[in-house]
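Any read-out appearing in this document is the output of simple, stated calculations on the displayed coordinates, not a laboratory observation. It should be emphasised that the depicted structure is a prediction, and the values quoted were computed from it without experimental measurement. Virtual Cβ from ideal backbone geometry, glycine too; neighbours counted across all protein chains shown.
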Amino acid sequence: MAHVKLIDVTKDYPGGVRAVDRVSLEIGDREFLVLVGPSGCGKSTTLRMIAGLEAVGSGTIRIGDRVVNEVPPKDRDIAMVFQNYALYPHMTVYKNMAFSLKLRRRELKLTKADIDKKVRETAALLGIEDLLNRRPKALSGGQRQRVAVGRAIVRNPKVFLFDEPLSNLDAKLRVEMRSEIKRLQRRLATTTIYVTHDQEEAMTLGDRVVVMKDGVVQQCAPPLEIYDHPANRFVASFVGTPSMSFIEGRIVKRDAEPAFDVGNGSLSLPRWMTERLSSYADREMVLGIRPDAFSVERPAGNGVTDRTHGDDFAKLGVRITLVEPLGDRKDIYMTTEARKQLVGRVDARVSVSEGQSLEVFIDMSRAHVFEPGELGVNVTAMNRQNGAMARAN
Ligand code: ADP
């Protein structure tokens, strides 16, 4: 059991690449933390510095109470699972799993029987007892990945580190292994740091999710917080499928209340935003709307005098350009008269067709307003703390 702390960790590679830029994070004991972001954002480098496979440029990494900057990987009491499994090809599954225990047999005071017991217990936990005598080349991708996980957990390390462990598996297996890893992590109650580029994987696995871009932590928070209150436009667009729709426009006043001018009319913003938006009046901003905040049918409560309901829905005229069925739901791609592109996700039974012009309803209580630019701050979520910084300092 251990917590892990990164304080202002930076890493420059030769040639002027700053792979990791002042990252501060605190991972709680038994926590499952996921680092996610597009390729090249610095997540693997961060993980490899925690593992000791990459030297720390500047800053401090602690595992438990110990600063580990200068501690070699084998003495950090961590176990890492890689995308490419990294199994020893000439050894059986049994030997692959027993290997690290044998190396440290004396140190851990283990008998041969102890090692055998640990290997068999771990194999049972992962449902790979029948594979113990096989070599890696006689295993499927999913089985190899299980063995790689087995090899990591058999040692009962303080911290698990996963580097894109599921990327080589097909989609169905990936989802199966994902739930298995989560169940296992809960059962073993071991602090876990997991790297992926897949936002869905991040959201389903993490107790907290760290979204990175260009070596910088953009937000660190529980998955729902990231989804509902993204700190900036980058996080908002990276998380969620289909992506949030962004409409450039201007904050205006309508009947003394804030509204967002989208070019062919203005959408009333909910009252709770009034104060937060007061200093942005008449400024170019970006409105963000999640696909599930759109509805085609008039939402219940709309038009009733109850302000908390009726007024939070805004109507917008659109033309449907594409309908993508997804079984129980469907995605509808829309264009406004001012040529803004939007995407909504609605119930499959809602009747809409390509080419149709209609008015859609937008739940403005769930709208976001961002400053312009790729990293534009979400001013409607601004007084929420950035979990990363709040915890680490
Ligand atoms: P991610 O895991 O998010 O895809 P990485 O941590 O692998 O990102 O890489 C972060 C940045 O550092 C990238 O720009 C990458 O090209 C660069 N980088 C990674 N490893 C090296 C290396 N050994 N030498 C030079 N640059 C590197």
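Here are the numbers for the structure shown:
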quantity	calculated
Amide H within-cut-off set for F313, under 5 Å, with H built and near neighbours excluded	M364
Cβ crowding within 10 Å averaged over residues, with 133-145, 157-169 ranked highest first	157-169, 133-145
Residue among Q219, T192, L277 farthest towards the positive dipole end of the chain, charges placed on Cβ	T192
Separation of alpha-carbon centers, segment 36-89 and segment 166-193, rounded to whole Å	19 Å
Listed peptides 146-156, 17-27 by packing density, highest first (mean Cβ within 10 Å)	146-156, 17-27
Lysine pairs with alpha-carbon atoms under 15 Å apart, segment 69-174, spacing 8 or more or separate chains	11
Pairwise FRET efficiency - T335 versus A281, Cβ, R0 = 22 Å, nearest 0.05	0.20
Pairwise FRET efficiency - N264 versus S243, Cβ, R0 = 25 Å, nearest 0.05	0.65
Cα→Cβ-extended label distance, 7 Å offset, between D198 and E257, nm	4.3 nm
Relative contact order [Cα under 8 Å, 6+ residues apart], segment 237-392, whole percent	24 percent
Rg/Rh ratio calculated on Cα atoms of segment 228-384 (Kirkwood radius)	0.95
Sequence-distant residues sharing a close amide H with N69 (under 5 Å, placed H)	I61
Label point distance in nm, K109-K315, each placed 7 Å from Cα along Cα→Cβ	7.8 nm
R22-Q356 pseudo-label distance in nm [points 7 Å out on the Cα-to-Cβ vector]	5.1 nm
FRET efficiency, W272 to E121 (Cβ-Cβ, R0 45 Å, nearest 0.05)	0.25
